[in-house]
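Novice: Quick one: this structure, given as structure tokens, is what I'll be asking you about.
What follows draws every value from the coordinates through simple rules; no lab data is involved. None of these values were measured; they are calculated from a predicted model. Cβ: placed from backbone, ideal geometry, glycine included. Neighbour counts: every protein chain shown.
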Amino acid sequence: MSAKEDTIALLRAAITNEQEQLLNQLLIELNINEISEDTFQLLLLKIQASNLTIFNMTKALEAQEIIDHVLSNKIGE
């Protein structure tokens, strides 16, 4: 693997780990000591889908903020 591929793999693993930790923390807060592996994986998929939606909305928000900034500051003036 190249350094670039290693970095991508590490980032993907870190994201997955963070999602699993979030789910585990939610289960602890709900006082749920045990669930089936299928249920855990289903919940994890829901978190991943939500993260993708939030990521896309964040990109759109950032783009809109840049557009608003450029329009309000009129580049070159």
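Novice: Can you tell me which residue among Glu20, Glu65 is of a type in the set (D, E, K, R), touching a residue at least 24 places away in the same chain (Cβ under 8 Å) and assigned to a helix (DSSP H, G or I)?
Specialist: Working: Glu65 fails: touching a residue at least 24 places away in the same chain (Cβ under 8 Å).
On inspection, the qualifying residue turns out to be Glu20.
Novice: If we keep just the residues of the range 23-37 that are in a helix (DSSP H, G or I) and hydrophobic (A, V, I, L, M, F, W, C), which is surrounded by the fewest Cβ atoms within 10 Å (Cβ to Cβ)?
Specialist: Here the answer is Ile28.
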